[in-house]
Amino acid sequence: MCGAPPQTPTLPPHVDITKETVIYGTVSKDDAPVPAAYVRLLDSTGEFTAEVLTSATGDYRFFAAPGDWMLSVMHNSGSVRQPVSAPAPGLVEASLVLT
């Protein structure tokens, strides 16, 4: 299969990834991006922290503190929960595949 290499998110110029943590990725199902999926960021105790809607290309992005997080996706075509660890500032990719 031919395709573009993985992309990093386009961030606003004022974002300093040496000081900020960005958790980002795509939501997909059957190798296709899933637009309009709700992605929730839960803290290490399972408490709701933030929610975003995926873009037309299935992309999402959270600005978070370093630590252990849970990502939860809800969409009419499936769902997924996946832990993600962000040990330090920087970019943390987490691709999410609906089941």
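Looking only at segment 18-66, which residues are among the aromatic types (F, W, Y) and modelled with pLDDT of 95 or more? If the condition is that a residue be among the aromatic types (F, W, Y) and modelled with pLDDT of 95 or more, then Y24, Y38, F48, Y60, F62 are the ones that fit.
The strands (runs of 3 or more DSSP E) found wholly in segment 39-99 and carrying at least 1 residues that are within 15 Å of Y24 (Cα to Cα) and without any contact (Cβ under 8 Å) to a residue 40 or more places away in the chain occupy 48-53, 59-64, 67-75, 78-86. Scanning segment 28-42 for residues that are surrounded by 16 or more Cβ atoms within 10 Å (Cβ to Cβ) and of a type outside the set (G, A, S) gives K29, V34, V39, R40, L41, L42.
The values are calculated or read from the model by the stated rules, or taken from the named source; none is laboratory data. Since this is a predicted model, take the numbers as computed values, not measurements. Glycine also receives a Cβ, built like all others from the backbone with ideal geometry; neighbour counts cover every protein chain displayed.
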